[in-house]
Every structure is written in structure tokens, then in C-alpha cells.
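Here the structure comes first, spelled out in C-alpha cells, and everything after it is commentary.
The values are calculated or read from the model by the stated rules, or taken from the named source; none is laboratory data. Worth saying up front: this structure is predicted, and the values here are computed from it rather than measured. In this analysis, Cβ positions are derived from the backbone assuming ideal geometry, glycine residues included, and neighbour counts consider all displayed protein chains. Side chains included, ligands, DNA and RNA excluded: accessible areas come from the protein's heavy atoms. Shrake-Rupley method; radii C 1.70, N 1.55, O 1.52, S 1.80 Å.
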Amino acid sequence: MKYRRYLSTQVKYAVTYVVITAVVLLFLNIYTSNLTQKLFYQSKQSAMTEKCLLASDEIAKLEVINASAVSTLVKQLESLTVTRMIVTDQNGLVIYDSAAAAQDKYCLLPEIVTALDGNDVFSWNFHDSVMESRVAAPIIYFGSTVGCVYITD
């Protein structure tokens with residue numbers, strides 16, 4: 001009789017140990033996964049925002065902002081490896097498009113409109129298991145917004 005009680009207590013402790021271990025492992029897995037994902041998004045945001053701000057600062061230094069001047073500048077900036085870059089004037093007219101799809105057309109994407117209001121903006125979404133991120137920053141020349149830089153990656 002004492003032997004059965006001892007065995008029953010051992011089983012209870014073993015089951016309790018397994019349950020507690022499983023719960024802790026599950027919690028740690030979810031926590032670290034969420035934390036890693038958050039750090040990835042923050043890293044992506046800061047890297048892309050830095051590239052966009054660099055481009056807008058360099059473009060603001062140009063005497064004339066046109067397609068050839070921006071194209072020459074982008075070729076000189078080796079750190080600007082992005083999927084697509086669009087530079088607009090203050091009205092949203094595309095001055096430079098690395099894909100040449102929207103050249104001399106109006107491009108009023110939500111990020112561009114926000115940047116033309118003088119704000120930096122970053123957005124992202126998943127499409128077909130791929131993260132698509134977008135960032136836009138205004139081009140400021142002597143305190144006024146003269147255009148914006150829009151980058152996708």
C-alpha cells in the first residue's frame with residue numbers, strides 16, 4: 001500500500017514537471033519569436049529611413065533638381081541599394097524613377113503625400129510571403145518642402 005502511494009506521488013511530480021516545462025518552453029518560444037520579429041522590423045525601418053534621409057539631404061544640395069542630376073547623384077551614392085526609388089517635386093510630379101515607369105507622371109501614393117506634408121513615413125506589409133517596405137522623406141530646401149524621396153525594398 002505504501003508502495004502504490006509512493007508511485008502515485010512520483011507520477012504526479014513527473015506530470016507536474018512535464019507540464020511546467022512545456023508551458024515555460026511555449027512561453028519562451030512565443031516571446032522570443034515576437035521579440036525577434038519586432039527587432040527585425042525596427043532594424044528594417046531604421047536602415048531604410050536612414051537611406052531615404054541621406055538621399056533627400058543630398059538631393060536638397062543640388063542646384064537644379066532634374067532627372068539627370070538625380071540619376072548622377074544616385075549612381076554616386078553606393079549605399080543606396082534599393083528596389084525602387086522615386087523623387088518627386090512639391091506637387092507629386094515624378095522627376096526621377098529608377099524603374100522609369102512613372103517618369104513625368106504624378107505619383108500620389110499615401111507615403112508620398114505624407115512626405116510632401118513634411119513628415120517622414122515608413123510602412124510595410126507582407127505580400128506572397130515577402131515583406132515589402134516603403135519609406136518616404138521630404139526634400140527640404142531652406143525650410144520649405146520642394147519634393148520627396150520614396151524608396152521601396
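Is it true that some residue in segment 88-104 is open to solvent by 80 Å² or more (accessible area, probe 1.4 Å), in a helix (DSSP H, G or I) and over 19 Å from D153 (Cα atoms)?
No, that holds for no residue.
Take A60 and decide whether it is open to solvent by less than 90 Å² (accessible area, probe 1.4 Å), closer than 30 Å to A101 by Cβ and small (G, A, S). Spell out how you get there, then give the answer.
Values: open to solvent by less than 90 Å² (accessible area, probe 1.4 Å): yes; closer than 30 Å to A101 by Cβ: yes; small (G, A, S): yes.
Yes.
Assuming C52 fulfils every condition listed in (1) open to solvent by less than 90 Å² (accessible area, probe 1.4 Å); (2) without any contact (Cβ under 8 Å) to a residue 60 or more places away in the chain; (3) not basic (K, R) apart from one, which condition is it?
Exception for C52: condition (2).
Residues T72, T81: which one is of a type in the set (S, T, N, Q) and assigned to a loop (DSSP other than H, G, I, E, B)?
T81
For the structure I just gave you, tell me whether I151 is open to solvent by less than 20 Å² (accessible area, probe 1.4 Å) and part of a helix (DSSP H, G or I).
So I151 does not fit the description; no.
Anything in segment 68-85 that is over 20 Å from F122 (Cβ atoms), out of contact with any helix residue (DSSP H, G or I) (no Cβ under 9 Å at 6 or more places or on another chain) and open to solvent by 40 Å² or more (accessible area, probe 1.4 Å)? List them, or say none.
S68, T72, K75, E78
Just for segment 118-133: of the residues that are in contact (Cβ under 8 Å) with a residue 24 or more places away in the chain, assigned to a strand (DSSP E or B) and open to solvent by less than 80 Å² (accessible area, probe 1.4 Å), which one is farthest from I65 (Cα to Cα)?
M131
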